[in-house]
1. Please verify whether the range 399-418 includes one or more residues that are out of contact with any helix residue (DSSP H, G or I) (no Cβ under 7 Å at 6 or more places or on another chain), over 24 Å from residue 477 (Cα atoms) and in a helix (DSSP H, G or I).
2. Being part of a helix (DSSP H, G or I) and crowded, with 16+ Cβ neighbours inside 10 Å narrows it down to one residue among 179, 185, 209; which is it?
3. Do you know which residues across the range 490-508 are surrounded by 21 or more Cβ atoms within 10 Å (Cβ to Cβ) and within 12 Å of the ligand (Cβ to nearest atom)?
4. Which residue pairs have Cβ atoms under 7 Å apart, sit 6 or more places apart or on different chains, and have a first residue in the range 396-414 that is under 9 Å from residue 547 (Cβ atoms) and a second that is within 13 Å of the ligand (Cβ to nearest atom) and at pLDDT below 75?
5. Just name the residue that is modelled with the highest pLDDT out of those in the range 442-456 that are touching a helix residue (DSSP H, G or I) at 6+ places or on another chain (Cβ under 9 Å) and away from the ligand (no atom under 16 Å from the Cβ).
6. Report whether or not residue 511 is away from the ligand (no atom under 16 Å from the Cβ) and either under 17 Å from residue 557 (Cα atoms) or touching a helix residue (DSSP H, G or I) at 6+ places or on another chain (Cβ under 6 Å) (or both).
7. Among the residues in the range 663-684, are any under 60 Å from the mean Cα position of the chain (by Cα) and crowded, with 16+ Cβ neighbours inside 10 Å?
Ligand code: ADP
C-alpha cells in the first residue's frame, strides 16, 4: 500500500523577488499536467513534463516549484524502484522545501522518503522515522487527510515488522474519521490494514471481513492499483493461514492487474531523462558558478575601483596635508616676515613722527627766529623811508625794504602751506560780521590799491545775513590773498569784491565771493598750474612781491571750507576768481563791542607800556606807537615791567613772549596776580595757534603776530581799552 503525496494546486504562491511570475505559473501548470499523467501511470510523459518544470524553475530560481518538481520526479523513479535516484531527488526537494520553509512540502517529502525506504525494503525502521517526522508536520499544519494517510503508512510499516500492536496504535484514532470520510482511498487502506492486523493476530474471521470490505471499496475506486494491492494482501493472508486454494485464487486475481511498469523502453527513457536532469542540474550549477564568478569578478572590479578611489582620495589627502603643511610653513614664514616688516614700519612710523615733531619744531623756531629780525628790518626800513623823505628815491633802500618784505611773506607763506598740508588748520566757529571784515580788508588794501592806481570796490548782497558762523580770519586770508594778487597784476584798473548770497535756507546760506580785476589776465594754458606751489607766470626779478604760494594756500583753505575755487580770465582783460562757501548764520545784529564812537577814542591819549627785550624791536614798536602820538614806555624785561606797573598806570601793555629769565606768559601771570587788569596784547613772532591758548591761560587779552599791520594793532589796542573802561 502506497500513498504518495504529490501537490495541491494553487495552495502556495510563494515568489521571491527575483522570480518571474509567469515562469512560476507555467511551472505549476506543467507539474499539474505531469501529476495527472503520473496518476494514470503514464510515467514518461509525467517525467518529461516534470523535467521541463524543473529546468524552468532552475532558471527562474523558483525554489518552491523546484521542491515540487523533485518530489514528482522522485516519485516516478520510486515507482521504477530506482530507490537511489528517488532518494536523491526527494532529498534535493526536501532541501528546497526547507529553503522556502514550507511545512506541507516538507511533510510530503518526508513521507515520500519514508515510502522509498519501506517499499524498496531498504530500511523499514528508517521509513518509520521519516513517516513520524512527516506526521509531526501534518499535525502542525492540521491536515486531517494527510494525518490519516501518514498514520496508515506507519501502521503498515509496523505490521511489516510484525509489530501489530504498535501499528494498531496509529490506526485506532482514525476509525471515526474514516467512517465519516468520503475518501475511498483512505477507506480501502484502513480496512486493508485492519485486515492485516487481524491476520497477524490470528483473528481470521475479522481479517477476512475487513479484506472483503476493502475489496468492496477498491472495486468502486478508479485506480486498479489499490484493488491489486488488497488482492495480494488477502492472498498472503490465506497463504499464511494455510488456506492455499483461496490464497492461490487471490494471487491470481492480483496478478491480473499487474502492470509492467518497467519495460525495457521505459527504463531506457527514464535513464536518459535522469541523465538529462543531472546534465540540466550541472549546467545550472555551472551557470550559477559562472554567475557567482561574474558577481565575484564584478565585486573585485568594484573593490578595485574602490581601492583606486581610496588611493586617489588618499593621494589627494596627502597632497592636501602637504600643501596645508607648506601653507602653514609659508604663513609662519610670512608672519615672521610680516612681524619684521611691522617692526620696521613701527620704527619708520616712530622716526616719521619724530621727524614730524622735529620739522614742526624747526618750522616754529625758524618762523620765530626769522620773523623777529625781519620785524626789525621791515620796521626799520619803513621808519627810515617815512622819516627821511629825501631818501625816498634811494634805489638801494627800496631794494632792502622790498627784500625784507619778500622774505617775510615767504616765511609766512611757507608756514601756512606747511600747516595746511599737515592738516594742522582747524577752522573756528566764530560769529562774525562779514560786512565789517570786508570793510577792514578794504581799508587795509587801500594803500596797495593806490600804489598801482587801482580802484577797489566792495559790493555786498543785501541778503547777506548780519552774522555768519565760521573762521573769519581764514576767510579774510583767502580774500586778502586774492585781492592783493588782483591789485598786483592790475595797473590803473578796477578791482572789485562781490559777495552774493546764492542760497539761503533756515539755518545755512551759501555765499559766493567773486574777486575781479581788469588787469593782465592769465593765459588759458597757465590757468590750471597757477594753483601749483611756487608757480609764478613770467615773473621778472623784483617786479612784484610774491612767493608763488598764495594761490595754493587759497585753494587749500577754500577746500577746508568745503568749497571749490574757479577762475575766469582773459589776457589783458582781467581775471575773476570765484568760490562759494556754506555758512551757518544768524540774522540778528551783532552786539556792538565798541560802543564808544571811534572819534572820541582817537582823541584820547593812550599810554602804552611796551615790554620787549630786543633793542631793534623796541625801536620799531616805539616808532609805530609814536606815529600815532601815543606816549610809550619801554620795559626791557618782565621784572622791569612789573616794577613799573606797581607805580604807574598804563592803558595797554604790549608784551613780547620770548624774553630771558621771565617770559611774557609768566610776567602777565604776575601782573594779573597783582590785581592789575590793564589789557595785555602779546606781540610775538610765534604762530598764533602755538601761543593763543597758553596766552589766555596767563591772562593775556589778545595776540598779534609780528610783523603786524599797524592798523590792526591800533584797532586791537583801542578795542581792548574801550572794553576795559566800559
Ligand atoms: P604770487 O605770490 O606770485 O602771487 P600766487 O600763487 O598768488 O603767487 O599766484 C601765482 C601766479 O598766478 C602769479 O605769479 C601770477 O602770475 C598769477 N596770478 C595770480 N593772480 C593773478 C591775477 N589776478 N591776474 C593775473 N595773474 C595772476
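The values are calculated or read from the model by the stated rules, or taken from the named source; none is laboratory data. Everything numeric in this text was worked out from a predicted model, so none of it was measured. All Cβ positions, even for glycine, are placed from backbone atoms using ideal geometry, and neighbour counts span all protein chains on display.
1. Just the residues of the range 399-418 that are out of contact with any helix residue (DSSP H, G or I) (no Cβ under 7 Å at 6 or more places or on another chain), to begin with: 399, 402-403, 406, 409-410, 412, 414.
The next check asks that each one be over 24 Å from residue 477 (Cα atoms); those that pass are 399.
Cutting the leftovers down to in a helix (DSSP H, G or I) gives us 399.
Yes, there is a match, as at least one residue in the range 399-418 is out of contact with any helix residue (DSSP H, G or I) (no Cβ under 7 Å at 6 or more places or on another chain), over 24 Å from residue 477 (Cα atoms) and in a helix (DSSP H, G or I).
2. 185
3. If the condition is that a residue be surrounded by 21 or more Cβ atoms within 10 Å (Cβ to Cβ) and within 12 Å of the ligand (Cβ to nearest atom), then 490, 495 are the ones that fit.
4. 406/545; 409/545
5. 442
6. yes
7. no
One line per residue, one yes/no per condition, for (1) touching a strand residue (DSSP E or B) at 6+ places or on another chain (Cβ under 7 Å); (2) within 19 Å of residue 426 (Cα to Cα); (3) surrounded by 19 or more Cβ atoms within 10 Å (Cβ to Cβ):
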position: 546; (1), (2), (3): no, no, no
position: 549; (1), (2), (3): no, no, yes
position: 552; (1), (2), (3): no, yes, yes
position: 558; (1), (2), (3): yes, yes, yes
position: 566; (1), (2), (3): yes, no, no
position: 569; (1), (2), (3): yes, no, yes
position: 575; (1), (2), (3): yes, no, yes
position: 584; (1), (2), (3): yes, yes, no
position: 587; (1), (2), (3): no, no, no
